[in-house]
Every structure is written in structure tokens, then in C-alpha cells.
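Note sheet for the following structure.
The values are calculated or read from the model by the stated rules, or taken from the named source; none is laboratory data. Here the structure is a predicted model, which is why all the values come from computation and not from measurement. Methodologically, a virtual Cβ is constructed for each residue, glycine included, from the backbone with ideal geometry; neighbour enumeration extends over all protein chains shown.
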């Protein structure tokens, strides 16, 4: 994970280095000290969250410049690979997480624009993943597309928790492509 020095943050915010150190020491900006040397470091995602919380602009250099990506979250690898093939044919980069906990890590790592999500997974189910992401301000723009074989009531519950769209399994490649294109263009 990429980190920033206190000096880099001071430059981005156009403030004195001492101001950044005070932000870290007071807990306003989440940071950590390097062992032995004592120099402060801040994860880029924590710095962006700090900027958003204080209505400060995010520097262009820190905005994601990669192609918008899709995170596919499904514990059934053949289905996940099928979704990935459709996404790649449509021209999108994609990554696969085989469970809710791995999805949390990969959300932070790849910062996708869309997450496809199965509801029935061992451990952290899809409902918990929706709930987690919707409570994180840094994922406010993430589009969540639930792809599940569960009944209509279960899909409605996912929408109520914050999913943007649902697709019932089995689904057509055309329907999936249309949903991905719709949310990528937003």
C-alpha cells in the first residue's frame, strides 16, 4: 500500500510540515511512525479520507488514473471467471475476491468503480459486505451490483441495504454487459 511522508502531505495541502505533524499527533489524520527513525507515514487512502472529511480537494496526482475496474466477489470460481470474461470483453479491468473479507482488502487495494457481489458466501456474506461498504465514506461512489440465485425478497433486501442493482442467476451475458456499461458511464 502506498504511503506519504509528512512533507508530501504538507506540500499537497500547502501547509507547514509542523501542521501535518500536529494533525497526526492529535489523531485528526491517521498515521504511523517508522520503527527506529520515528518519521511519520500516512496511507494514501487515510489521507484521502482526511481530505474528504474536511472538504479539502483531492490532488490530481492521488486520484486513480487507471482504467476503471470491477471487483467480482463470488465464492464460486467458475461463475466469478465467467463474470470476469464478460467484463474483459467489454473492455474493463477486473479482479476476483472469493469472499467478503478478501473483498474488503481488495476494495482498498484496487478502488474499483463497480463491485459485483454474490449474497450467499461463507464467512462474511454479501449483505455484510454491502453494509460495510456503505458505512465507509471512501466507497460512496462505488456501484454495487448483486448477482445472486436467491429469491426476489432477498434481492430487495440487498437493494434496501444499498446495492445499486441486482441480477438474478442465471443471467445473460448481454444483461450483465448492459448493467456494467450503465454504471461505468456514471
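Can you tell me how many residues within the stretch 29-49 are part of a helix (DSSP H, G or I) and in contact (Cβ under 8 Å) with a residue 24 or more places away in the chain?
Initial filter on the stretch 29-49 (part of a helix (DSSP H, G or I)): 44-49.
Those left that are additionally in contact (Cβ under 8 Å) with a residue 24 or more places away in the chain: 44-45, 47-49.
Count: 5.
So, of the residues in the stretch 101-117 that are under 8 Å from the mean Cα position of the chain (by Cα) and in a helix (DSSP H, G or I), which turns out to be surrounded by the most Cβ atoms within 10 Å (Cβ to Cβ)?
Ranking the qualifying residues of the stretch 101-117, first place goes to 107.
If residue 24 passes every condition in (1) in contact with a strand residue (DSSP E or B) (Cβ under 7 Å, 6 or more places away or on another chain); (2) outside the structural domain of residue 169 (by TED's automatic domain parsing); (3) under 25 Å from residue 129 (Cβ atoms) but one, which one does it miss?
That leaves (3) as the condition not met.
How many residues does the stretch 77-90 contain that are without any contact (Cβ under 8 Å) to a residue 24 or more places away in the chain and within 19 Å of residue 111 (Cα to Cα)?
First pass over the stretch 77-90, keeping only residues without any contact (Cβ under 8 Å) to a residue 24 or more places away in the chain: 77-78, 80-82, 84-85, 88.
Applying the additional criterion that residues be within 19 Å of residue 111 (Cα to Cα) yields 80, 84, 88.
Looking only at that region, the number is 3.
Since residue 77 meets every condition but one in (1) in contact with a helix residue (DSSP H, G or I) (Cβ under 9 Å, 6 or more places away or on another chain); (2) surrounded by fewer than 18 Cβ atoms within 10 Å (Cβ to Cβ), which condition does it not meet?
Unmet for residue 77, out of (1) in contact with a helix residue (DSSP H, G or I) (Cβ under 9 Å, 6 or more places away or on another chain); (2) surrounded by fewer than 18 Cβ atoms within 10 Å (Cβ to Cβ): (1).
Quick one: is residue 120 farther than 28 Å from residue 31 by Cα and either assigned by TED's automatic domain parsing to the domain that holds residue 179 or not in a helix (DSSP H, G or I) (or both)?
Numbers: farther than 28 Å from residue 31 by Cα: yes; either assigned by TED's automatic domain parsing to the domain that holds residue 179 or not in a helix (DSSP H, G or I) (or both): yes.
Answer is yes for this residue.
With (1) more than 26 Å from residue 49 (Cβ to Cβ); (2) surrounded by fewer than 17 Cβ atoms within 10 Å (Cβ to Cβ); (3) in contact with a helix residue (DSSP H, G or I) (Cβ under 6 Å, 6 or more places away or on another chain) as the list, and residue 175 as the residue in question, which single condition is left unmet?
For residue 175, the exception is condition (3).
Condition first: touching a helix residue (DSSP H, G or I) at 6+ places or on another chain (Cβ under 7 Å), in a loop (DSSP other than H, G, I, E, B) and at pLDDT below 90. Can you find one or more residues in the stretch 2-25 that meet it?
yes
Suppose the filter is over 17 Å from the mean Cα position of the chain (by Cα) and either assigned by TED's automatic domain parsing to the domain that holds residue 48 or surrounded by fewer than 14 Cβ atoms within 10 Å (Cβ to Cβ) (or both); does residue 160 pass it? Steps first, please.
Values: over 17 Å from the mean Cα position of the chain (by Cα): yes; either assigned by TED's automatic domain parsing to the domain that holds residue 48 or surrounded by fewer than 14 Cβ atoms within 10 Å (Cβ to Cβ) (or both): yes.
Taking the combined requirement at face value, the residue satisfies it.
When the residues of the stretch 42-67 are narrowed to those that are modelled with pLDDT of 85 or more and surrounded by 15 or more Cβ atoms within 10 Å (Cβ to Cβ), which ends up nearest to the chain's Cα centre (by Cα)?
Looking at residues that are modelled with pLDDT of 85 or more and surrounded by 15 or more Cβ atoms within 10 Å (Cβ to Cβ), I get 46.
Answer with yes or no whether residue 82 is in a helix (DSSP H, G or I) and either more than 30 Å from residue 3 (Cα to Cα) or touching a strand residue (DSSP E or B) at 6+ places or on another chain (Cβ under 8 Å) (or both). Steps first, answer last, please.
Numbers: in a helix (DSSP H, G or I): yes; either more than 30 Å from residue 3 (Cα to Cα) or touching a strand residue (DSSP E or B) at 6+ places or on another chain (Cβ under 8 Å) (or both): yes.
For residue 82, the condition - in a helix (DSSP H, G or I) and either more than 30 Å from residue 3 (Cα to Cα) or touching a strand residue (DSSP E or B) at 6+ places or on another chain (Cβ under 8 Å) (or both) - is met.
Any chance you could count how many residues in the stretch 128-154 are over 21 Å from the mean Cα position of the chain (by Cα) and either assigned to a strand (DSSP E or B) or buried (at least 16 other Cβ atoms within 10 Å of the Cβ) (or both)? Don't jump to the end; show me each part of the working.
Looking only at the stretch 128-154, we keep the residues that are over 21 Å from the mean Cα position of the chain (by Cα), and these are 149-154.
After this cut, where a residue has to be either assigned to a strand (DSSP E or B) or buried (at least 16 other Cβ atoms within 10 Å of the Cβ) (or both) as well, the list is 150, 154.
Looking only at that region, the number is 2.
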